[in-house]
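To keep things clear, I will list the structure first and then write my remarks on it.
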Amino acid sequence: MRLNKLAVVFAAAALSAVMVAGCSGGQKESAAESEAETSSKTTEAETTAEETTMAETTAAAEEMDGENYDTGDASRDNVRNQDEIGENELMVVSFGTSYNDNRRLTIGAIEEAIEKAFPDYSVRRGFTSQIIIDHVKTRDNIAIDNVGEALARAEKNGVKNLVIQPTHLMNGLEYTDLVNEVAEYSDAFDQVAVGQPLLTSEDDFKAVIKVITEATAQYDDGETAICFMGHGTEAESNQVYAKMQEMLTAAGYKNYYVGTVEAAPGLDDVLAMVQAGDYKSVVLEPLMIVAGDHANNDMAGDEEDSWKTTFENAGYEVTCLVRGLGEMEGIQQIFVEHARAAVDSLAK
């Protein structure tokens, strides 16, 4: 069956991410695994669905809670849910954000970079957060496809070659869920390939470090601690943050620090590391594809427990750079290269 063949393609892509990034996420398939083993792994992934859904729901609900501010003009964002796709589609899958301007500047910019790089493919969008999709629809009357709707649209349009490029930071539970959902539709297409997340290979980490250090070079004056705030997860994939810290330090960026909102290292850990140095000021920036609620409130907000307030109360002058990684051209190009690898994996 084509499903079994394509499921192996998905598993191999996920496995390579696991081997390099050092996180299993329930995926230890090899290209030689039997159909029974593949089915077993699918069952294991399904057991994490409730946990994943709860985590997604919490994050998205927090983003919408008490929204009383302007997030920008939703009509300026290309939702990429058009029909007349053609035989080749490149679907860019993101968690999503209800911050309209930042959605356009990050996810939209990544989609545009991919569209420019692959003129023979129609670029379409799929979000994994239904809560964000529903919120944008209710608030702005803008319809964004979820992954299932985007896959159904591709099937309806007669797509033959489908490439999925996620904008996930890491190969974690959400990436596993995406791979499994795409596998359910694989019989609808001649060929399907799934690209890898941002931080997959050793070279990916080096490339991201180059981008973020160049983007903050003006603040690297010897008296400033430059702190990046990631989201964090309870899954094993959370170790990408520790790896990023280790590689930054090894590369000589000893005044660069990485922490997370919802896992380890947390704010207290980052504060302790900064206080161990001789710094007068702190720069805060999200280590996230988009700058949504976490960046605007948990990091740069005026609440008592925000990163900004915490560092100010500790006596530091604080500068907040509220921008998502997706705004940076270098990050966009990493996703382009991951999409290229997925396109090249298809039979010619």
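Quick rundown of the values:
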| item | result |
| --- | --- |
| Boolean, ASN171 is within 15 Å of VAL79 (Cβ to Cβ), under 20 Å from the mean Cα position of the chain (by Cα) and of a type outside the set (Val, Ile, Thr) | no |
| Matching residues, region 183-208, being in a loop (DSSP other than H, G, I, E, B), among the small types (Gly, Ala, Ser) and surrounded by fewer than 20 Cβ atoms within 10 Å (Cβ to Cβ) | SER201 |
| Cross-chain or 6+ apart pairs with Cβ under 6 Å, region 331-345 first and of a type in the set (Phe, Trp, Tyr), then open to solvent by less than 80 Å² (accessible area, probe 1.4 Å) and assigned to a helix (DSSP H, G or I) | PHE335/ILE110 |
| Tally, over region 110-128, of residues that are in a helix (DSSP H, G or I) and surrounded by fewer than 19 Cβ atoms within 10 Å (Cβ to Cβ) | 4 |
| Residue within region 269-288 that is among the charged types (D, E, K, R), within 24 Å of GLN218 (Cα to Cα), touching a residue at least 60 places away in the same chain (Cβ under 8 Å) and open to solvent by less than 20 Å² (accessible area, probe 1.4 Å) present | yes |
| Residue in region 168-182 that is closer than 20 Å to ASP344 by Cα, of a type in the set (S, T, N, Q) and crowded, with 24+ Cβ neighbours inside 10 Å present | no |
| Qualifying positions in region 215-229 - surrounded by 12 or more Cβ atoms within 10 Å (Cβ to Cβ) and outside any loop (DSSP other than H, G, I, E, B) | ALA215, TYR219, THR224, ALA225, ILE226, CYS227, PHE228, MET229 |
| Filter result for ALA193 (under 20 Å from TYR256 (Cβ atoms) and in contact (Cβ under 8 Å) with a residue 24 or more places away in the chain) | no |
| Residue in region 300-339 that is least open to solvent (accessible area, probe 1.4 Å), counting only those that are out of contact with any helix residue (DSSP H, G or I) (no Cβ under 9 Å at 6 or more places or on another chain) and polar (S, T, N, Q) | THR309 |
| In region 249-276, the residues that are assigned to a helix (DSSP H, G or I) and either over 21 Å from ASN313 (Cβ atoms) or more than 23 Å from the chain's Cα centre (by Cα) (or both) | THR249, ALA250, ASP268, ASP269, LEU271, ALA272, MET273, VAL274, GLN275 |
| Selection from region 313-348 of residues that are among the acidic types (Asp, Glu), more than 18 Å from LEU105 (Cα to Cα) and touching a Ser or Thr at 6+ places or on another chain (Cβ under 9 Å) | GLU317 |
| Residue in region 286-309 that is farther than 24 Å from LYS243 by Cβ and β-branched (Val, Ile, Thr) present | yes |
| Matching entry among GLU234, GLU246 (being outside any helix (DSSP H, G or I) and open to solvent by 50 Å² or more (accessible area, probe 1.4 Å)) | GLU234 |
| Residue check, PHE95 in contact (Cβ under 8 Å) with a residue 24 or more places away in the chain, in contact with a strand residue (DSSP E or B) (Cβ under 8 Å, 6 or more places away or on another chain), open to solvent by 40 Å² or more (accessible area, probe 1.4 Å) and hydrophobic (A, V, I, L, M, F, W, C) | yes |
| Verdict on ILE132 being within 21 Å of SER75 (Cβ to Cβ) and either free of Cβ contacts under 8 Å to residues at least 24 places away in the same chain or buried (at least 21 other Cβ atoms within 10 Å of the Cβ) (or both) | yes |
| Answer residue from region 300-318, given it is among the aliphatic types (A, V, I, L, M) and in a loop (DSSP other than H, G, I, E, B) and is farthest from ALA225 (Cα to Cα) among those | ALA300 |
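The values are calculated or read from the model by the stated rules, or taken from the named source; none is laboratory data. In this text, all values refer to a predicted model and were calculated from it rather than measured experimentally. Cβ atoms come from the backbone with ideal geometry, glycine included; neighbour counts cover every protein chain shown. The protein model used for the area step is the full one, side chains on, heavy atoms only, and it has no ligands, DNA or RNA in it. Shrake-Rupley method; radii C 1.70, N 1.55, O 1.52, S 1.80 Å.
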